[in-house]
1. Kindly indicate which of Asn405, Asn343 is modelled with pLDDT under 95, farther than 25 Å from Lys469 by Cβ and surrounded by fewer than 17 Cβ atoms within 10 Å (Cβ to Cβ).
2. Looking only at region 413-427, count how many residues are of a type in the set (Ser, Thr, Tyr) and within 11 Å of Thr472 (Cα to Cα).
3. Could you count how many residues in region 49-105 are part of a loop (DSSP other than H, G, I, E, B) and either under 15 Å from Ile178 (Cα atoms) or outside the structural domain of Cys126 (by TED's automatic domain parsing) (or both)?
4. With the requirement that a residue be in a loop (DSSP other than H, G, I, E, B) and either among the aliphatic types (A, V, I, L, M) or surrounded by 14 or more Cβ atoms within 10 Å (Cβ to Cβ) (or both), what does region 265-294 give you?
5. Taking Gly50 as meeting all but one of (1) in contact (Cβ under 8 Å) with a residue 12 or more places away in the chain; (2) surrounded by fewer than 17 Cβ atoms within 10 Å (Cβ to Cβ); (3) farther than 21 Å from Val196 by Cα, write down the number of the exception.
6. Does Val122 qualify as being hydrophobic (A, V, I, L, M, F, W, C) and surrounded by fewer than 18 Cβ atoms within 10 Å (Cβ to Cβ)?
7. Give Glu110, Glu174, Glu143 a once-over and let me know the one that is in contact with a helix residue (DSSP H, G or I) (Cβ under 6 Å, 6 or more places away or on another chain) and of a type outside the set (S, T, N, Q).
8. Any idea which of Ala198, Ala202, Ala225, Ala212 is more than 50 Å from the chain's Cα centre (by Cα) and over 30 Å from Lys38 (Cβ atoms)?
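The values are calculated or read from the model by the stated rules, or taken from the named source; none is laboratory data. Computed from a prediction, not measured in an experiment: that's the story for all the values here. Cβ coordinates were reconstructed from backbone atoms using ideal geometry, including for glycine residues, and neighbour counts include every protein chain displayed.
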Amino acid sequence: MGINKAVNGHEMPDGVGVSGIRKAEENRDKPYVMRGWKRCIQAGINPYEGKCFELIKGDELDALLQENNELINFAEPFMQDLYSFVKGSGFVVVLADKKARVLEVIGDGEILKNSADQLNFVRGACWDEQYVGNTAINSALIEDKPVQICGSEHFCFVHRDWACSAAPIHARGEIIGILNVSGYQNMVHPHTLGMVVAAARAIETKIEAHIASNELKIQNKYQNAIVESMSDGLLTIDNRGYITYINDIGADILNIDRKESVGRHISDVVDFKPVVLNVLETGKGYIDKEFIVTNKYGIKMHFIKTAVPIRDENGNITGVVDTFRKIKRVQKMVNDMVGAHANFTFESIIGSSGKIKESIRLAQIAAKSSSNVLIQGESGTGKELFAHAIHNASSRKDQPFITVNCAAVPRELIESELFGYEGGAFTGALKNGRPGKFELANGGTIFLDEIGDMPLDMQSKLLRVLQEKRITRIGGTNIFDVDVRIIAATNKNLMEECNQENFRRDLYYRLNVLNISIPPLRDRKGDIEELSYYLMSKINNKLDKNVIEISEQAMKYLTNHNWPGNVRELENTIERAINVCRTRQICVKDLPLSLLKDSESMGNRMNSQGSHDVIESIEEMEKRAIKNALQVMNGNISQAANALKISRNTLYNKINKYELV
């Protein structure tokens, strides 16, 4: 066999060197053959070799087959079909992965043995061009198109008895494998490549369908997960009113069987008139609309609903999506957002004097009861603190705690505040209406602060609610059952108010089941030091300060003060002192001047035996009390008058009299 000079200085035998390249170039129908030869020569591949010695075996082969398990399973039926056409003709059908590694070989026994002996054409053989020269498998991978390489078109002599037809298999535009049919050269037929291409396309179609099906399943799983994770009920109906879907929470809210409901008409599933059918009739949906329906047992079902019609491209309604939630859950969300929870416990009440301990003891008894509670005490003594603590120690602690200041709500609005109203019930009313505080407090506690300031006409309505445990919104006809525990508080003597006909006696007795009296701070002066340090720590955290001590002299002034504003006044005084304090200790100079004068006056009036050595006029005492009240209440006339138990007009007159403006 003669020698020719070839490319890049390599000496090649006849048929492989320059003459071979020219012959490959002459095959204009197969330019990929010429490109393959050039690559082989540039790579320095020995044409006398070509038998595959790059084999994957054992665990590594098992891992390779497992990695390509889906491709093998999809391709195998088509490989069997393809083999059925060439069976007995000396052909093998081969599947390789995207790295030209053989995954499966199907064929006649004799040719399987010959291909294994001559070429190592077996599972795990790596048919990469660097190991076996140009073949149909690696050329189809490199060219990314169907190829047929026959006889002398192979670069390596060991392959020249063979003719191979291969086509790439794609998924999502990427090559994932190669389908190949190999046989002896004298058996090759131009149509063989066509069959391989058709089989490869069929495999691709099946893979694409599987991927699309999987994606659809995943999408459905995501959609189902989203729908099932909703805290709202959701159902869909078609344009005839038949249920096409309902989630678990929706079936639970409506008390129906989910599986049995799908496919049935909505009116046959629920035992009340389904309002969602109105959307089919009118074509108009709604958002967050309140509905109250009554089932066949006479039980009211209270919902907030949203219904949206689904239309086709022509605008025709094809169905309705209906979402709904129980009103109680909506009310819980509202209460969570506005912080309708009790924030304090009995541990929050500071003091160890006998009087405050007795108040705490009675409050703890009240916490274990469901009876109504009346808390009485001067302004600033901590009545609301006790109400919080009672609720938090009760069986209703996980339910709403709603506060209503009866003195702060305008007379004309207090009824709607307590009992709610329907849309359009009065001028300025919200379109969809609004629930009242009793509805929001359902299951929990309502704290009626300053109950003594509630108008007489409202007192009678409140009494009826306490007796019947039912309410009706203003302008409405629906009756709502409410389970609410009442805690009321006042700084007035309600019995005197009853005697003066300012408060209903029957309501007083209804509220005054468990009575708790909160002592004023002047009656528990032994608690002032403990309270002062507690408040100092609390205010330090709020103001990011680090005042840690109160001087002995400053504490004497705090103890001597009469504290008409009670704990609230003490807290304001400590906060003021912390703000102006230049050291880590509150000193006398940090206390308000009015407090110092009052404390000195009080000290001067007492001798060492506790008897009075100075007589102070009633006018001086009155003037001092008014000044203190105005200071504690930050100049608020209404609150100061309330603390002094006089009317606003009287307070204005005395301010002018004593020139306190």
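1. On the way: Asn405 fails: farther than 25 Å from Lys469 by Cβ.
Step by step, each of Asn405, Asn343 is checked, and only Asn343 is modelled with pLDDT under 95, farther than 25 Å from Lys469 by Cβ and surrounded by fewer than 17 Cβ atoms within 10 Å (Cβ to Cβ).
2. At the first step, the residues of region 413-427 found to be of a type in the set (Ser, Thr, Tyr) are 416, 421, 427.
Retained after the next criterion (residues that are within 11 Å of Thr472 (Cα to Cα)): 416, 421.
So the answer is 2.
3. Here is the first cut: in region 49-105, the ones part of a loop (DSSP other than H, G, I, E, B) are 49-54, 56-57, 68, 87-90, 98-100.
Remaining after also requiring either under 15 Å from Ile178 (Cα atoms) or outside the structural domain of Cys126 (by TED's automatic domain parsing) (or both): 68, 98-100.
Matching residues across region 49-105 total 4.
4. Kept after step one, since they are in a loop (DSSP other than H, G, I, E, B), are these residues of region 265-294: 270-276, 283-285.
Selection gives Val270, Asp271, Phe272, Pro274, Val275, Val276, Gly285.
5. Just one mismatch for Gly50, condition (2).
6. On the way: hydrophobic (A, V, I, L, M, F, W, C): yes; surrounded by fewer than 18 Cβ atoms within 10 Å (Cβ to Cβ): yes.
Spelling it out, Val122 is indeed hydrophobic (A, V, I, L, M, F, W, C) and surrounded by fewer than 18 Cβ atoms within 10 Å (Cβ to Cβ).
7. Of the residues listed, the single one that is in contact with a helix residue (DSSP H, G or I) (Cβ under 6 Å, 6 or more places away or on another chain) and of a type outside the set (S, T, N, Q) is Glu143.
8. Values: Ala202 fails: more than 50 Å from the chain's Cα centre (by Cα); Ala225 fails: more than 50 Å from the chain's Cα centre (by Cα); Ala212 fails: more than 50 Å from the chain's Cα centre (by Cα).
Answer to the check: Ala198.
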